[in-house]
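The values are calculated or read from the model by the stated rules, or taken from the named source; none is laboratory data. Predicted model only: the values in this text are computed from it and were never measured. Cβ sites come from the backbone with ideal geometry, for glycine too, and all protein chains shown count toward neighbours.
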Amino acid sequence: MDKTDILSLTFEELEEKITALGEKKFRAKQIYEWLHTQRVKEFSEMTNLSAQFRERLNENFYINSLKIKKRLVSNIDNTVKYLYGLRDGESVESVLMEYKHANSLCISTQVGCKMGCRFCASTIAGWSRNLEPSEMLSQIYETERDSGRHVGSIVLMGIGEPLDNFDNVVKFLKILNSGGEGLSLRHLSLSTCGLVDRIYDLAQLKLGITLSVSLHAATDEKRSAIMPVNRQYDLSQLMKACDDYFAATGRRISFEYSLIEGVNDDDKSADELISLLGGKNCHVNLIPINEVKERDFRKSRSVEHFRKRLEAAGLNATVRRTLGADISAACGQLRREEKANG
């Protein structure tokens, strides 16, 4: 008999499974607390359950967990980058970042990525599969356990496209919001390259999360050249979806713009971005690109000039603080190296 991944069950699903075993409903609450508050890795640790019941749980379920394969700690700013091993031998990355207000954790949602953005390290090693809700949760649980730091905000911006793993990501969000400390989804940001149909699906759920859209160019010609997704969902479709998301949720969109030397960092590109976003209730997050040895893109030297041009035109724009520079903290690089050496 195949065992069920118990950490990927919502409370309602767990309650249904437990009552099907002939147990009282309150047992589900006890188990849920062990999993998401105490964060145990073995059923034997659930000491307020009988030994016989713990054995039945072990026969029917398993508790998914991750193994730390590599940990890199920055000597500059305490950023910690993890390479986590999964049950099937695959691996993903998470990055713990220290800010004044809280610790933020960037987690992965897929093993690899299908989107093929030309400047991104995550797509180089190829796509293998979607992550289960338990594997997303475990990145948080294991990072807090290992680092001893409380994670105050979550960013779905690691390896993978979150909206390409829509059902599992939504389930993860619901469990995260209800389990353990019940992290408010207002402290969570989901980054997408622009899967328009799924943006509409997400808007209908009104989960309260911040939507971050990876834009990186403000014309279809430029964006399609570096982001293949634009050939399926062009800028007119994407902008309408973003406007409709804001109308449905009241949550301001954040647009990510990675500045690439000689590609999208000149005054003309800035003016194109101003024309595209002018008048919208949004924020522009300018990102000094992480250079990847397999790509020929280089970090822009015009970041501050670009920001000032946007602000002069009335756009709210900030430059993302570079963290973990000494450990190559951009997601995808550790997995790529592991694949190359495997």
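Values computed for the structure shown
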quantity: Filtered residues of the stretch 155-169 (kept if surrounded by 18 or more Cβ atoms within 10 Å (Cβ to Cβ) and either hydrophobic (A, V, I, L, M, F, W, C) or not assigned by TED's automatic domain parsing to the domain that holds Thr192 (or both)); calculated: Val155, Leu156, Met157, Ile159, Leu163, Val169
quantity: Those residues of the stretch 1-20 which are hydrophobic (A, V, I, L, M, F, W, C) and modelled with pLDDT of 95 or more, in sequence order; calculated: Ile6, Leu7, Leu9, Phe11, Leu14, Ile18, Ala20
quantity: Tally of residues being hydrophobic (A, V, I, L, M, F, W, C) and surrounded by fewer than 24 Cβ atoms within 10 Å (Cβ to Cβ) across the stretch 106-119; calculated: 4
quantity: Qualifying residue in the stretch 238-245 (condition: under 14 Å from Leu310 (Cα atoms), at pLDDT 95 or above and out of contact with any Leu (no Cβ under 8 Å at 6 or more places or on another chain)); calculated: no
quantity: Among the candidates Arg301, Arg231, Arg309, residue that is free of Cβ contacts under 8 Å to residues at least 24 places away in the same chain, in the same structural domain as Cys120 (by TED's automatic domain parsing) and either acidic (Asp, Glu) or out of contact with any strand residue (DSSP E or B) (no Cβ under 7 Å at 6 or more places or on another chain) (or both); calculated: Arg231
quantity: Number of positions in the stretch 15-29 that are hydrophobic (A, V, I, L, M, F, W, C) and in contact with a helix residue (DSSP H, G or I) (Cβ under 8 Å, 6 or more places away or on another chain); calculated: 3
quantity: Answer from Arg198, Arg186 - the residue that is in contact with a helix residue (DSSP H, G or I) (Cβ under 9 Å, 6 or more places away or on another chain), in a helix (DSSP H, G or I) and not hydroxyl-bearing (Ser, Thr, Tyr); calculated: Arg198
quantity: Looking only at the stretch 299-318, and only at residues there that are modelled with pLDDT under 95 and surrounded by 14 or more Cβ atoms within 10 Å (Cβ to Cβ), the one that is farthest from Gly160 (Cα to Cα); calculated: Ser302
quantity: The stretch 78-98, residues that are under 14 Å from Arg149 (Cα atoms), touching a residue at least 40 places away in the same chain (Cβ under 8 Å) and outside any strand (DSSP E or B); calculated: Thr79
quantity: Candidates Lys17, Lys41, filtered to the one that is touching a residue at least 40 places away in the same chain (Cβ under 8 Å) and either under 25 Å from Asn177 (Cβ atoms) or loosely packed, with under 12 Cβ neighbours inside 10 Å (or both); calculated: Lys17
quantity: Condition check for Lys24: surrounded by 13 or more Cβ atoms within 10 Å (Cβ to Cβ), charged (D, E, K, R) and outside the structural domain of Val92 (by TED's automatic domain parsing); calculated: no
quantity: Filter pass, Lys70 being in contact with a Phe, Trp or Tyr (Cβ under 6 Å, 6 or more places away or on another chain), surrounded by fewer than 16 Cβ atoms within 10 Å (Cβ to Cβ) and over 26 Å from Asn177 (Cβ atoms); calculated: no
quantity: Counted residues, the stretch 126-154 - those being of a type outside the set (S, T, N, Q), surrounded by 19 or more Cβ atoms within 10 Å (Cβ to Cβ) and within 12 Å of Leu105 (Cβ to Cβ); calculated: 7
